[in-house]
Each structure stands twice: as C-alpha cells, then as structure tokens.
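Worksheet for the structure shown next.
Any read-out appearing in this document is the output of simple, stated calculations on the displayed coordinates, not a laboratory observation. On a predicted model such as this, the values are computed, not experimentally measured, just so you know. Note that each Cβ is placed from the backbone with ideal geometry, even for glycine, and that neighbours are counted across all protein chains shown.
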Amino acid sequence: MTLSTELEREPIDCRTAVKQLWDYLDRELDAVRMAEVTAHVERCAACREHFQFALSFLRALSASRSDVPDAAALRLRVVEALKREGFSSDA
C-alpha cells in the first residue's frame, strides 16, 4: 500500500475503533491502524470517553499491583484508583 493509498482510506467508524481498543492501548496495532484509531478518537467525543475510561482502568490496575492475595482488597484498590481518576460507581 502506498502513502497516497493510505491517505485516501475512509476514516474508521466507532465500532471499528472500539473493537481495536485493547490492542490500541497495548500498542499492538500496525502504524497505519494506530494512526487511524488515534484520528478517530481525537474527533469522536464518545469514543474518546470510552478510551479514557479504559486507559484509566489500566492505570488503576497497574497502580494496584502488588502481592495482594485477597481479591476483595484488590478490587477495593482498583475502585479507589478509579475514583481518584474521576470515575464513580454511579455512572
């Protein structure tokens, strides 16, 4: 595929962007698809909010990582981290 062909491609839709969510956040997509998803998320408020939630979730999960054998304690740490990011259980 040439650069001009890549530039002529139709923008991806919400369904395609969300379907790529985890691979995008893990940076497992090729450069062209990463750029397409980035462009979509930058112009689509609904998808941007969805992606921001997923990113916050991953950050909270990462921040709560330690040798916590108790699943309830781990859940509490994740919920608290999400609250610090501005998310509530009311949503």
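Tabulated results
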| item | result |
| --- | --- |
| Loop sites in region 14-56: GluC sites (Glu not before Pro), DSSP, at most 11 other Cβ within 10 Å | Glu28 |
| Largest to smallest principal axis extent of the C-alpha atoms in region 3-84, angstrom | 53, 23, 17 |
| Using a Förster distance of 25 Å, the FRET efficiency for Ser56-Arg9 (Cβ separation, nearest 0.05) | 0.25 |
| Average silhouette area of region 8-53, convex hull of alpha-carbon atoms, in square nanometres | 3.0 nm² |
| Inter-site label distance for Arg33 and Arg75 at 7 Å from Cα along Cβ, in nm | 3.3 nm |
